[in-house]
Amino acid sequence: MTTPFLLNNFLVVDHVKEALKEDVVYGDISTDFLCDEDKEFTVYLKTRQDGIFCGEIPFRTVFEILGGVELEFYVNDGGKIKKGDRIAKIKGSARSILTGERLALNYAQRMSAIATKANKFSEKVKDYPVRIVDTRKNTPNFRMFEKYAIKCGGASLHRFNLSDCVMLKDNHIALCDGSIELAVQKVRKNLSHAHKIEVECDTVKQVHDCVKAGVDIIMLDNMNTDDMKKCIKFIRESNPNAVIEASGGINLDNIEDVAKTGVDVISTSSLVVAGTMDLGFDWEQDN
């Protein structure tokens, strides 16, 4: 299988191996004492709710490492699934299937929930020229899977890590006695030409300071839509090349109102705060 965007094979294998070490340790005593090594088993990965499926790569990797299992997927990452659908057929070593079941499900359930949430947000604003993106409020050591799932759901991505883009927030500005211009000057002296500067603003005055400082991306943080519109008008007139981002308190109920203001990007941590999708391994009598 071709390595998809973000999920480089060696990173996925390392991640799954560490997860297996945590879970299996010295063995699966529920399974190892129950079935012979050559026992064959067939089950289906099925969904108990509607949504978007995601997670085939780490799911496959679990069983590739454990060995002796064949997988046949009926749905690709990013595909729509309905309650009761078969997503994949899992056939082979009963020991490997039962030992890897929970871990494989953990990846797929989490990633499918995120993809489903991202799809809901994207669908809400599909008629507007705006991108929905994630934030850095990720699960530690699970970022590549979460970002991949967000893409599968139809949304876009914010910065990948701390070295990807300058993001000056209130506490960074506080280090410069509240001066956005001074903070921007300091970081710009050391930046590569390939990096952009983003500043988080929660007041109209801060937006004016950002424009004066020539900031590349201006974030309107926790502003009401009336203030957003005023700031957007000023930015478009003063620095039309600046990217305007809205963030803070974004949800499915208000995202369309925010999109109507004319911002370029809407960022929300809600994409990752998605829980899990109800997926399971089902044995069927006619296997």
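A cut-off under 11 angstrom between Cβ atoms defines the neighbours of D264, and their net charge, with Lys, Arg +1 and Asp, Glu -1, is +1. Its relative contact order, with pairs defined as Cα atoms under 8 Å and 6+ residues apart, puts the chain at 22 percent. The slack in the chain from D264 to T42, taken as 0.36 nm per residue of separation less the alpha-carbon distance, amounts to 75.1 nm. Looking at the stretch 212-287, the accessible area is 47 square angstrom per residue; that uses a 1.4 Å probe and ignores ligands, DNA and RNA. In the chain, the calculated helix contribution to ellipticity at 222 nm averages -12500 deg cm²/dmol per residue, counting -39,500 (n - 2.57) for every DSSP H run with n ≥ 4. Each other residue within a Cβ distance under 11 Å of D164 adds +1 if Lys or Arg and -1 if Asp or Glu, for a net charge of +2. With coordinates expressed along the principal axes, the C-alpha atoms belonging to the stretch 37-137 extend over 56, 30, 17 Å, beginning with the largest.
Return the carbon/sulfur percentage of the accessible area of the stretch 77-164, one whole number, probe 1.4 Å, all protein chains in place. Let's see the in-between values first.
Working: 1820 of 3920 Å².
Taking all protein chains in place, the stretch 77-164 shows 46 percent carbon and sulfur surface.
Heavy-atom surface analysis with a 1.4 Å probe gives the stretch 180-241 a carbon and sulfur content of 48 percent of its accessible area. When the Gaussian network model of the chain links Cα atoms closer than 10 Å, the mean-square fluctuations of A213, A274, A104 top out at A213. Accessible surface of the stretch 1-74, 1.4 Å probe: 49 percent of it comes from carbon and sulfur atoms.
Counting DSSP beta bridges in the chain, what percent are antiparallel, to the nearest 5?
Antiparallel: roughly 50 percent of the beta bridges in the chain.
The relative contact order of the stretch 196-287 comes to 23 percent, based on Cα pairs under 8 Å that sit 6 or more residues apart.
With every protein chain present, what is the per residue accessible area of the stretch 87-129 (1.4 Å probe, Å²)?
Per residue, the stretch 87-129 has 36 Å² of solvent-accessible surface.
For the set K89/K147; K186/K260; K17/K124; K83/K124; K147/K205; K151/K205, the pairs lying more than 30 angstrom apart at their alpha carbons are K186/K260; K17/K124; K147/K205; K151/K205.
Between amide H atoms placed 1.01 Å from N, distances below 5 Å from A88 occur with L45, Y74, all of them 5 or more places distant or on a separate chain. At 1.4 Å probe size, with no ligands or nucleic acids counted, give the accessible surface of H172 in Å², nearest ten. Taking all protein chains as shown, H172 has close to 80 Å². Taking a ≥ b ≥ c as the square roots of the eigenvalues of the Cα gyration tensor, the chain is prolate, since a/c reaches 1.5 or more and a/b is larger than b/c.
Measuring between alpha carbons in the structure, the pairs from K82/K120; K189/K230; K120/K169; K21/K137; K21/K91; K80/K126 lying more than 21 angstrom apart are K189/K230; K120/K169; K21/K137; K21/K91. Taking Cβ atoms as reference points and 9 Å as the exclusive limit, the residues near I244 contribute a net charge of -1, counting Lys and Arg as +1 and Asp and Glu as -1.
The values are calculated or read from the model by the stated rules, or taken from the named source; none is laboratory data. Computed from a predicted structure; not experimentally measured. Note that each Cβ is placed from the backbone with ideal geometry, even for glycine, and that neighbours are counted across all protein chains shown. What goes into the accessible areas is simple: the full protein's heavy atoms, side chains included, and nothing from ligands, DNA or RNA. Shrake-Rupley method; radii C 1.70, N 1.55, O 1.52, S 1.80 Å.
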